[in-house]
1. May I ask you to list the residues in the stretch 31-52 that are of a type in the set (A, V, I, L, M, F, W, C) and open to solvent by less than 40 Å² (accessible area, probe 1.4 Å)?
2. Considering each of Leu177, Leu142, Leu196 in turn, give the residue that is at pLDDT 85 or above, open to solvent by 60 Å² or more (accessible area, probe 1.4 Å), under 30 Å from Ala63 (Cβ atoms) and in contact with a Phe, Trp or Tyr (Cβ under 9 Å, 6 or more places away or on another chain).
3. Determine whether the stretch 73-87 contains at least one residue that is at pLDDT below 90, in a helix (DSSP H, G or I) and open to solvent by 80 Å² or more (accessible area, probe 1.4 Å).
4. Only one of these is in contact with a helix residue (DSSP H, G or I) (Cβ under 8 Å, 6 or more places away or on another chain) and either at pLDDT below 90 or open to solvent by less than 60 Å² (accessible area, probe 1.4 Å) (or both): Ala128, Ala96. Name it.
5. Determine whether Lys160 is within 28 Å of the chain's Cα centre (by Cα), at pLDDT below 90 and closer than 25 Å to Glu37 by Cα.
6. Could you check the stretch 1-11 and list, in sequence order, the residues that are open to solvent by 50 Å² or more (accessible area, probe 1.4 Å) and of a type in the set (A, V, I, L, M)?
7. Of Leu67, Leu14, Leu28, which residue is open to solvent by less than 60 Å² (accessible area, probe 1.4 Å), modelled with pLDDT of 85 or more and within 17 Å of Gly182 (Cα to Cα)?
Amino acid sequence: MCTGGCAKCLGITLIPLAILCVLANILLFFPAGKVAESNDHITREVFYLGGLAGSGVLMIFPALVFLGMKKNDCCGCCGNESCGKRFASFSSILFAAVGFVGAGYNFIISIVAINKGPKCFFGKDGQAPGIWDYPFSDGNYLGNQTLWNTCQTYTNGDFKVNTETTITWNLTLFSMLLIMGGIQAVLCAVQAINGLIGTICGDCKCCGCCGNDGPV
């Protein structure tokens, strides 16, 4: 099994996923695509940076390690032709664990955010003045879209139903983060297994500096 080649494929896949997670998290800072007048108008889970830190920045490190495994020098330890590859495989397990934790963090934050729903403006007992808070509980809005009318926006003294923006924006972006975080976690778990195989068995092919192109 070419563990280095497999790791490179996983790294190539993780990079665009990490970039998309960062972009999704940034967009969540702009409810309904608009600049918020106050941080109190932004869903609290956005500030936990699940996509930006967990599945974004933290995921870059394992992705780069996975990408570099294919070219890693296999001659590393005292002329032992397989030692360098085995050490690289072992290191990739540790970085895969870091990536798995980051993706898991994003996954959990996204689940909580989707379950709570967005923070939005709604009238207190149907009357002004309204408040910015969480009008939904325990994901009840997911199966009952009539509840979406609870979310409103305040414009020039008039209340306007805002179902196609605030809720849809929040639900779509956090759902994307949830899915991408899940994929990242699976890929990191695959690399952990791949790295374990590489640590025990070595890579399928040793690099030319060892003077041996056969199986390790």
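1. Scanning the stretch 31-52 gives Ala32, Ala36, Ile42, Val46.
2. Going through Leu177, Leu142, Leu196 in turn, the sole match is Leu196.
3. Yes: the stretch 73-87 contains one or more residues that are at pLDDT below 90, in a helix (DSSP H, G or I) and open to solvent by 80 Å² or more (accessible area, probe 1.4 Å).
4. On inspection, the qualifying residue turns out to be Ala96.
5. no
6. Met1
7. One residue alone meets the criteria, Leu14.
The values are calculated or read from the model by the stated rules, or taken from the named source; none is laboratory data. Please read all numbers here as calculations on a predicted model, not as lab measurements. Cβ coordinates were reconstructed from backbone atoms using ideal geometry, including for glycine residues, and neighbour counts include every protein chain displayed. Side chains are part of the model used for accessible areas, which takes the heavy atoms of the whole protein and leaves out ligands, DNA and RNA. Shrake-Rupley method; radii C 1.70, N 1.55, O 1.52, S 1.80 Å.
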